[in-house]
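Data block below; observations after.
Every number here is computed from the coordinates shown, using simple stated rules; none is lab data. Just so it is clear, the model here is predicted, and its values are computed rather than measured.
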Amino acid sequence: MFKKALIASVLVMSIAMTGCSEDKTENKTVKVNPAGEVVKKLEGTSWELVMDGNSKSECEELPPLLEFLSKNRIAGNLGCNLINGNYKLDGKAFTFESPAMTKRLCAPKTMELEARLTKMVADTRYLTTMKGELMIWNERGELLARYRPEKAGGCQ
């Protein structure tokens, strides 16, 4: 009887201890180092979205752009609606903080583009520069968007 109780206790203890142990693979922090250089200066710069195929139909309203202001503030638009808020940059690590957006309704193609860019704002974790472009990356190191320095007539 004592032997059965001892085996049962050991079994219960081993199950309990297994349930409390850490799964190192599940909680593992993946170190991401996206391509490109660390951004040296954002304040006072304006960037427009590099369109896939530079399609004019994707920017029927306003050319999507980001303007980096003083005190880690950001302003711009996502093709239809305006965005503003703060950002945090630490090396290549970058996040939009407390972004606020207007809620206009625009042409369907523009709204599709805006939906992609709104998701980009939420998913952004890294920012780099490469060949004169601003590269925006998610936490897995996947490229979300590319921006180039703003120029007049970018969507024409």
For Lys151 and Leu105 in the same chain, what is the full-extension length gain: residue separation times 0.36 nm, less their Cα-Cα distance, in nm? 14.0 nm
Quarter of the Cα convex hull surface for region 73-132, i.e. its orientation-mean projected area (nm²): 4.6 nm²
